[in-house]
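As structure tokens, the structure follows; a few thoughts come after it.
The values are calculated or read from the model by the stated rules, or taken from the named source; none is laboratory data. Everything numeric in this text was worked out from a predicted model, so none of it was measured. Cβ sites come from the backbone with ideal geometry, for glycine too, and all protein chains shown count toward neighbours. SASA here: full protein model, heavy atoms, side chains in, ligands and nucleic acids out. Shrake-Rupley method; radii C 1.70, N 1.55, O 1.52, S 1.80 Å.
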Amino acid sequence: MRWLMGTACEATVSASDPDGAANAAFDEIAGWERVLSLYIEGSELNALNASAGKGPFRASPKLYAAVAAALRLAEETGGAFDPTILPVLRRGAAARRLVGWAQVRLDPAARTIELPEAGMGLDSGAWGKGWALDRAAEILRARGAKSAFINFGGQIMTLGRPGLGALWRVELPGLPEPLRLAEGSVATSGDSERPGHIVSPFDGQPVRRAAAATAVLPSAMDADAWSTALYVLGRNPPSFRGRSFFVKNVKGGRS
């Protein structure tokens, strides 16, 4: 277990060197924290946000790939998940005009990201952990891990199988039976822990629902972003291609 991105990350790994593989995965997540955290003063994401309104920002390959993936998910969710929500999170609904994923300009040839208006900013809260989990899974596979179960602040990522023909059992608060999972990720968004902290990109207002939303998808980043989108929408849109659960908010669920 290691404390990463403000929460506990616990890993159970089956490999020839399980401790080495787990520590390599933890180190990968810690590296992404230095890129994507808004709470580390020198992070690259903070530098990108500080460039808003000043022209294209030359991004590292790491940041560019992560932001491009986040914008893809914003489009896929119809904007119900929007990484440009930061101005509203910091200044309220009055900053809604600064939110809109389609305003972000990517130039893959120059590897630049442009936030065209001063005051714009990207928040990694609904996708950063998922992205880092996917990269950690790549490290585990490269280290020869046969199976792994990672609990990252309530988001689950599994690799392989716990045994021949077996499925992972994931306890989901509010469900009467454990969720049976092959390889993939489970993420839940709700407001039982911090009421009103999830904000709708559509009107800038806090979203309050009686049911949390859980997304089950092969990618941890996709599950992370989609759980937020499903909670904002309160339903499954046609573009959602995973499994979902809407369960009455209970204490202990991830948000």
Of all accessible heavy-atom area on the chain, the percent that carbon and sulfur account for (1.4 Å) = 52 percent
In degrees rounded to 10, the 0-90 angle between helix 128-142 Cα long axis and the longest Cα principal axis of the chain is 40 degrees
Starting with the highest mean, order 154-165, 132-143 by the number of other Cβ atoms within 10 Å, averaged over the residues of each peptide.
-> 132-143, 154-165
Please determine, in degrees from 0 to 90 and to the nearest 10, the orientation of helix 18-36 with respect to the longest principal axis defined by the Cα atoms of the chain, where the helix direction is its Cα long axis.
-> 10 degrees
Gain on full stretching of the segment that runs from residue 97 to residue 27 - 0.36 nm per residue minus C-alpha separation | 21.4 nm
Between 0 and 90°, nearest 10: helix 61-76 axis offset from the chain longest Cα axis | 90 degrees
To the nearest 10 Å², what's residue 167's accessible area with a 1.4 Å probe?
-> 70 Å²
To the nearest 20 debye, what charge dipole does the chain have about its Cα centre, counting +1 at the Cβ of each Lys and Arg and -1 at the Cβ of each Asp and Glu?
-> 420 debye
Given a Förster distance of 41 Å, the FRET efficiency implied by the Cβ-Cβ spacing of residue 141 and residue 118, rounded to the nearest 0.05, works out to 0.45
In sequence order, what are the phi-derived ³J(HN,Hα) couplings for the range 161-166 according to the Karplus relation 6.51 cos²θ - 1.76 cosθ + 1.60 with θ = phi - 60°, rounded to whole Hz, with x for glycine and proline?
-> 10, x, x, 4, x, 8
On the full set of protein chains, 1.4 Å probe, figure out the accessible area of residue 16 and give it in Å² to the nearest 10.
-> 110 Å²
Answer in debye to the nearest 20: the dipole magnitude of the range 92-191 about its Cα centre, from +1 Lys/Arg and -1 Asp/Glu charges placed on Cβ, is 320 debye
Once the Cα gyration tensor of the range 1-102 is diagonalised, semi-axes √(5λ) in Å = 31, 15, 14
By the C-alpha gyration tensor axes a ≥ b ≥ c (rounded if a/c is under 1.5, else prolate when a/b exceeds b/c, else oblate), the shape of the chain is oblate
In the full protein assembly as shown, how much of residue 101 is accessible to a 1.4 Å probe, in Å² to the nearest 10?
-> 70 Å²
The range 108-143-the range 34-88 distance, computed between alpha-carbon centres (Å) = 7 Å
Using a 1.4 angstrom probe on the protein heavy atoms only, line up 231, 64, 39 by accessible area, largest first.
-> 39, 64, 231
Å² of accessible area per residue within the chain, as computed with a 1.4 Å probe and no ligands counted | 45 Å²
